[in-house]
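Here's the structure we're looking at; comments come further down.
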Amino acid sequence: MSENGCTKPKKNYAKKTARDFNILTKLYQFYALYILFIPFSFLFYSIKLSRNNNAPKTPCIVAPNHISYFDPFLATLASGLGLAYMAKKELFEASNYIAKNVSRLGGFAVNREKLEVATVKSAREVFKAKFSLCIFPQGGIRKNKKIETINKGFVVLAKMVKVDILPVSITGVEHYNWNIFKRQKINIQVGNPISYLDDEDAIIENWRKQLADMTNYELV
């Protein structure tokens, strides 16, 4: 409540500016990834990261498959600090604590049903700040080991902001492991960048095929 008794305006987590993606964001990501997540995950998992030499040298859209709540951390590990995230708006509505911390990590709220003007504007600000942007083309978490139901919004956005797409595959955490005596292996692979200049359907099919090849999932 404010001093005059009015309710404090609710923060708009869909709207971001380039100033919101800064050195503090990277420091927060470093803390979350290397101080919290990796030491914790080491108890239950071994992580193997395979990169190639074709990764873009400039900011891009990082496009992983989505199999767990660990994926944003694993995507950051694959692409490096300085990665913003599109996160479902429901996540920001769940609790104020979650909303604040996802925002500090570089996340902003999106409507998964349609690409809104606020989403495009925030994405442009991400690239103005020289950050890359993580988008999960499958939308929600998919544990069925199939590459299917791809939302083409990530392609439309790539063309709007004129940046290439970097496929990233994540396997091994389709089911969580809490057995410290049997560490589970997580594999992360970075694929070949896809030019935003290609045809929409060709981009989607390229992403699907690369992910199917890297994950050994069924291509549907």
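The values are calculated or read from the model by the stated rules, or taken from the named source; none is laboratory data. This structure is a prediction, so every number in the text was calculated from the model and none was measured. Here the Cβ positions follow ideal geometry from the backbone for every residue, glycine too, while neighbour counts run over all protein chains shown. The area values use the complete protein model at the heavy-atom level, side chains included, leaving out ligands, DNA and RNA. Shrake-Rupley method; radii C 1.70, N 1.55, O 1.52, S 1.80 Å.
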Positions within the range 19-43 being farther than 16 Å from LYS128 by Cβ, in contact with a Lys or Arg (Cβ under 8 Å, 6 or more places away or on another chain) and among the polar types (S, T, N, Q), in sequence order: none
The lone exception for ASN53 - which of (1) within 19 Å of VAL155 (Cα to Cα); (2) open to solvent by 60 Å² or more (accessible area, probe 1.4 Å) it fails: (1)
Some residue of the range 94-111 being among the hydroxyl-bearing types (Ser, Thr, Tyr), open to solvent by less than 30 Å² (accessible area, probe 1.4 Å) and touching a strand residue (DSSP E or B) at 6+ places or on another chain (Cβ under 6 Å): no
Subset of the range 157-188 [surrounded by 14 or more Cβ atoms within 10 Å (Cβ to Cβ) and among the β-branched types (Val, Ile, Thr)]: VAL161, VAL163, ILE165, VAL168, ILE170, THR171, VAL173, ILE186, ILE188
Those residues of the range 158-187 which are closer than 18 Å to LEU211 by Cβ and either among the β-branched types (Val, Ile, Thr) or in contact with a helix residue (DSSP H, G or I) (Cβ under 6 Å, 6 or more places away or on another chain) (or both), in sequence order: ILE165, PRO167, VAL168, SER169, ILE170, THR171, VAL173, ILE186
Condition check for ILE23: at pLDDT 95 or above and open to solvent by 70 Å² or more (accessible area, probe 1.4 Å): yes
Residue count for the range 127-142, restricted to those that are more than 25 Å from ARG208 (Cα to Cα) and either in a loop (DSSP other than H, G, I, E, B) or in contact with a strand residue (DSSP E or B) (Cβ under 9 Å, 6 or more places away or on another chain) (or both): 2
Pairs, first under 14 Å from LYS162 (Cβ atoms) and in a loop (DSSP other than H, G, I, E, B) in the range 183-210, second open to solvent by 40 Å² or more (accessible area, probe 1.4 Å) and polar (S, T, N, Q), C-beta under 9 Å, six or more apart: PRO193/ASN54; ASP198/ASN206
